[in-house]
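Report on the structure given below.
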Amino acid sequence: MPTATLADANVQRNGRRLRMLVALIVLFLLWWYLLGVVDREAYRAEQMSANVMLSQMRSALVVRGAEVMLARDERLENQVGLNPIELLDQSWSRYLGLCERALPAPGYWCFQNSTEKTTENRRRGWLIYQPARPITLAGRSSRVDQPLAWAVTTDFADRNNNGQREQEERLTGLKLEPVALQPGSVQRQDAEH
């Protein structure tokens with residue numbers, strides 16, 4: 001009889017090992033699925049946050065453009081390159097202010113001056129966002145190491161649909177226009193070129 005109990009003990013031990021292996025495999029698969037869900041949600045959260053910030057800046061620029069057009073002593077051309085974050089009434093935890101380094105940390109925004117002149121009352125330049133993960137903002141795809149930038153420009157009534165402003169086409173407001181950054185430096189280029 002001792003051999004039967006020894007065989008039963010081996011079967012029970014092997015059964016426990018098999019159950020433990022199956023439990024570990026199930027836990028691993030759940031962990032793997034959970035990591036995918038967390039990554040997708042982090043992607044969506046970052047993209048939604050950046051899009052909300054862009055839409056609030058665009059709204060503030062519409063208001064600012066209307067104020068400038070109603071004021072007799074201001075011109076829309078003088079607003080080109082302004083920091084759109086300064087138009088918002090709230091502060092953003094992801095906005096670092098002026099870019100101290102060439103680019104902000106991943107997931108953060110900063111404003112890059114286009115000139116080093118301190119005689120101007122307002123800073124001129126462009127807004128830079130360094131994505132923490134590959135995202136798409138306002139139709140622009142980006143990698144983690146590829147920052148996205150926008151500058152405040154004037155909008156105009158393009159009557160002949162050529163994309164360039166002629167003398168007879170009047171300015172209609174302010175807008176955020178995407179700009180491209182040259183690799184290795186923070187210099188403005190037109191996004192179309």
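Please treat every number below as a calculation from the coordinates, not as lab data. It should be emphasised that the depicted structure is a prediction, and the values quoted were computed from it without experimental measurement. For neighbour counting, all protein chains shown are included, and Cβ atoms are generated from backbone atoms with ideal geometry for every residue, glycine included.
Annotations
- Around the Cα centre of region 1-160, unit charges on the Cβ atoms of Lys, Arg, Asp and Glu (plus for the first two, minus for the last two) sum to a dipole of about 700 debye.
- Sites Trp32 and Ala132, calculated FRET efficiency, Cβ-Cβ separation with R0 30 Å, nearest 0.05: 0.85
- Under 5 Å between amide hydrogens, built in the peptide plane, is the criterion, and for Tyr95 it picks out Trp109 among residues at least 5 positions away or on other chains.
- FRET efficiency estimate (nearest 0.05) - Cβ-Cβ, Asn161 to Val80, R0 22 angstrom: 0.50
- Signed unit charges on C-beta, dipole axis of region 1-121, positive-most listed residue Asn10, Met48, Leu30: Asn10
- Label point distance in nm, Gln146-Ser59, each placed 7 Å from Cα along Cα→Cβ: 3.0
- Near the amide H of Trp126, within less than 5 Å, lie the amide hydrogens of Gln112, Ser114, all on another chain or at least 5 residues away, with H placed in the peptide plane.
- Between Glu67 and Leu98, the contour length at 0.36 nm per residue exceeds the alpha carbon distance by 8.6 nm.
- For Thr172, distant residues with modelled amide H under 5 Å away: Asp155, Phe156, Ala157
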